[in-house]
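Written out below as structure tokens is the structure these notes cover.
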Amino acid sequence: MHCLIFIFITLSLLLPAPSQGSEPTHPPPPLFDIDSLMENAASHGLIAGGVVLIGSRRGATFLRAYGRMSADPSAPPMRTDAIFDVASLTKVVATTPALMKLMEAGKIQVTEPLAVWFPEFGTEEKRGVLLLHLLTHTSGMEDFPLTLPDPLRQAVEGGAARPLKGEIGSSFCYADLNFILLGELVRRASGVGLERYCAGQLYQPLGMVDTFFVPPARVRSRLSPTLLPDGKLLTGEPQDYHARELGGVAGHAGLFSTAADLARFCRMLMYGGELDGRRVLAERTVAQMTAPRYVQGGKVTRALGWDISSPYSAPRAHGFSEFSYGHTGYSGTSLWIDPERDLFVVLLTARLDFRRVGEFNRLRREISTIAITGRGVTPVGVAPHPSYSPALPGSPAALSPAGFGQKS
């Protein structure tokens, strides 16, 4: 009996005492994968739907569509080959590479004054503005309203007449006006419109069959409409007002494309200007176009057309190399390319609530984070969607079954 008592007392001393007033333990919040991030964005009214594509030089590793084609409740399900208004991606998928082609042909020099092509800018204040400054948004020019009947003339004359903001080449001021002028410069230097030049020199050689300004009627069923502030849906017209006023063809916005076509463009850049045996840009040109240029004491880093590190770099997640680059589009689009990590991320959405800029930028960043780390994320302040089901990029559930080939 004494032995049993001794054993009981000994065991009671060895066992941990119950905690007094301790907080109950909770399981860690679930990690969101790309599926749950996109589903939550749709269920919380941030987007109607969208397409995510992640890839490398060899092709896509993830391609999936989510939600609906538009804000219309009766809209059909989103499809992976949906065609989107890519908004400001026009700057880097059309205008910038077109200028690089013209530079290769000896038609322009990015270091020449803007006044060479637009004499209106030959004033004492403006004659120091180079094409380089427009490409990096360091020209000192700001946006202002353009109206019919001649918005292009207003852009040229108004841009030449208005005072500059900040010192040329040193102050970063993102302005569509820079690329409206550059889009017109492509026409003046090449003799054909921006849309024709890009189609013949870029998209056709790259096999980008669904990339164009002013989409043809045959693709209307695949167009994802964009939402205007008054609730109107636009199908096949740019969401950007100035792009519409300029007839749908402009250097800053107006391009339409698909995730698959943008993937081909990203792969071409990662291969140094060539894809599937077709060279569209010299390797040296790509290197020059994407080289970092530091502005405002290094607080902002831009390339020619491209963003590297600035207030608009939401898709650049932690883990991307310092030489990665990309761009965003106000309609709900973005792409980010990291040749060093052999990775690119394309996000195309039917964006709904344009006031929730922080939430949308977080969505861009979190998708990129999953792409670069291969792990889920825990979004801030967003509850898990009931249909949450982990499927990280690279897992069988996340791979494409086909294995296919504005300012924020």
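With q set to 0.17, 0.24 Å⁻¹, the log10 of I(q)/I(0) for segment 250-338, from the Debye formula over equal scatterers at the Cα positions, is -0.79, -1.39. The modelled label-to-label distance for the pair Thr123/Lys299, using points 7 Å beyond Cα in the direction of Cβ, is 2.7 nm.
Ranked by the mean number of other Cβ atoms within 10 Å per residue, highest first, peptides 91-100, 309-318 order as 91-100, 309-318. Give me the distance between the Cα centres of segment 81-136 and segment 192-212, rounded to whole Å. First find each Cα centre; the distance between them is then 17 Å. With both labels modelled 7 Å from their Cα along Cα-to-Cβ, the Asp230 to Gln204 distance reads 3.9 nm. What is the percent of Cα-Cα separations in segment 76-210 that go past 17 Å? Result for the distance tail: 61 percent. Packing, taken as the mean count of other beta carbons within 10 Å per residue, orders the peptides 322-328, 271-277 from highest to lowest as 322-328, 271-277. Taking a straight Cα-Cα cut-off under 23 Å and skipping sequence neighbours fewer than 8 places away in the same chain, the lysines within cross-link reach of Lys299 are Lys91, Lys165, Lys407.
Annotation: extensible slack from Arg220 through Arg278 equals 18.0 nm (criterion: 0.36 nm per residue apart, minus Cα-Cα distance).
Over the Cα atoms of segment 34-398, each weighted equally, I'd like the Debye log10 I(q)/I(0) at q = 0.11, 0.13, 0.15 Å⁻¹, rounded to two decimals. For segment 34-398 at q = 0.11, 0.13, 0.15 Å⁻¹, log10 I(q)/I(0) is -0.71, -1.01, -1.36. Hydrodynamic estimate: the Kirkwood radius of segment 183-282 over Cα pairs, inserted into Stokes-Einstein at 25 °C and 0.890 mPa s, corresponds to D of 167 µm²/s. The ratio of the alpha-carbon radius of gyration of segment 127-190 to the globular-protein estimate 2.2 N^0.38 Å is 1.07. Residues of segment 327-355 falling in the label zone of Arg58, defined by backbone nitrogen less than 16 Å from a point 7 Å along Cα to beta-carbon, are 341-344.
Every number here is computed from the coordinates shown, using simple stated rules; none is lab data. Note that the coordinates shown come from a computational prediction; the quantities given were computed from them, not determined experimentally. We place every Cβ from the backbone using ideal geometry, glycine too, and count neighbours over all the protein chains shown.
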